[in-house]
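Peer 1: Got a structure for you, questions after.
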Amino acid sequence: MGLDRIYQAIPATAGLIERAREDAALGEWLGLVPSWFRKGPGGALAPGKPDPGELELWQRVRALLEQQPGLEERNCDLGRSWDQLHYVLSAHRRGEPGSETDALLDMAVRGESLIAEHVRSGQGVPVRYTPPERVAELARVLTPMTWESLEKQCVPDRMEAAGVYKFFASHANEQEWTWLREYFHRFRAFYLTAAEHGNTVLVCTD
């Protein structure tokens with residue numbers, strides 16, 4: 001078992017955050033939204049009679065996909081490497097004094113705000129989101145960043161000592177850093193695209 005993290009861009013006018021906040025029956029399903037987007041317009045609910053809140057949310061997702069082709073590709077799945085990426089991005093995560101930029105990078109990884117107490121993933125982790133104006137700010141911070149400026153932070157013993165999630169110094173090898181570099185590029189590209197479209201970002205950990 002483990003916690004994976006995925007980021008999904010959604011239109012600021014979609015109303016999903018607001019509906020999830022006001023309707024507990026719908027909000028408890030919000031963590032499934034990224035997986036539904038990735039299935040595309042032809043995706044389907046699990047067999048059986050869906051919960052009314054689940055059905056309404058799914059219908060809203062389908063409508064968005066039909067209105068905005070390509071939205072299903074506007075996501076970023078970091079798997080269980082989200083904390084590794086956080087560590088190399090932010091001095092705060094490394095237990096060092098940081099700047100306003102580090103605070104913004106923390107937000108990029110974690111999401112800015114909780115939605116509501118009842119809006120949680122299947123494993124009980126709160127679903128978070130970042131509004132479009134902040135997404136644009138995060139994109140500006142990420143734009144000039146390169147992997148070459150970050151890879152000096154890939155120090156296995158320090159990462160393990162810092163309690164980086166699912167990271168073991170004894171297992172670290174060149175392949176590990178190749179994957180992390182790829183995750184960084186996906187993460188950066190995701191935020192730049194979300195900002196370009198004026199999107200809100202949904203952060204789900206499950």
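Peer 1: Would you kindly derive the ³J(HN,Hα) couplings of region 24-31 from the backbone phi angles with the Karplus curve 6.51 cos²θ - 1.76 cosθ + 1.60 (θ = phi - 60°), listing them in order in whole Hz, with x for Gly and Pro?
Peer 2: Whole-Hz 3J(HN,Hα) from phi for region 24-31: 4, 5, 8, x, 5, 9, 4, x.
Peer 1: With every protein chain kept in place and ligands, DNA and RNA left out, what is the accessible area per residue of the chain? Probe 1.4 Å, answer in Å².
Peer 2: Using a 1.4 Å probe on heavy atoms only, each residue of the chain averages 49 Å².
Peer 1: Hey, another quick one. Which cross-chain or sequence-distant (5 or more) residues have an amide H under 5 Å from the amide H of GLY79, H modelled 1.01 Å from N in plane?
Peer 2: Correct list: ARG5.
Peer 1: Separate question: Determine the gain in length on full extension of the stretch LYS166-ALA189; use 0.36 nm per residue of separation and subtract their C-alpha separation, reporting nm with one decimal.
Peer 2: The LYS166-ALA189 span can extend by a further 5.8 nm.
Peer 1: Helix-derived [θ] at 222 nm for the chain: sum -39500 (n - 2.57) over DSSP H runs of at least 4, divide by residue count, nearest 500?
Peer 2: Computed mean residue ellipticity for the chain: -13500 deg cm²/dmol.
Peer 1: Spelling out what I want: for every residue of region 157-163, take phi, set θ = phi - 60°, compute 6.51 cos²θ - 1.76 cosθ + 1.60 (Karplus), and round to whole Hz; glycine and proline get x.
Peer 2: Using θ = phi - 60°, the values come out as 4, 5, 5, 5, 5, 7, x Hz.
Peer 1: Apply the Karplus curve 6.51 cos²θ - 1.76 cosθ + 1.60, θ = phi - 60°, to the phi angles in region 66-81 and return the couplings in whole Hz, x for Gly and Pro.
Peer 2: Result, ordered by residue: 6, 6, 10, x, x, 4, 5, 8, 8, 8, 8, 9, 8, x, 9, 9 Hz.
Peer 1: Another question, if that's okay. With every protein chain left in place and a probe of 1.4 Å, what is the accessible surface of HIS197, to the nearest 10 Å²?
Peer 2: 90
Peer 1: Next question. If the chain between GLU100 and GLU148 were fully stretched, how many nm would it gain, using 0.36 nm times the residue separation less the Cα-Cα distance?
Peer 2: Extra length available between GLU100 and GLU148 comes to 15.2 nm.
Peer 1: While we're looking at this one, here's another question. Ignoring the sites themselves, what is the longest stretch of the chain with no trypsin sites (Lys or Arg not before Pro) in a DSSP loop and at most 16 other beta-carbon atoms within 10 Å?
Peer 2: 81-165
The values are calculated or read from the model by the stated rules, or taken from the named source; none is laboratory data. Here the structure is a predicted model, which means the values were calculated and not measured. As a convention, Cβ positions derive from the backbone with ideal geometry for all residues, glycine included, and neighbour counts pool all protein chains shown. Only protein heavy atoms, including side chains, enter the accessible area calculation; ligands, DNA and RNA are left aside. Shrake-Rupley method; radii C 1.70, N 1.55, O 1.52, S 1.80 Å.
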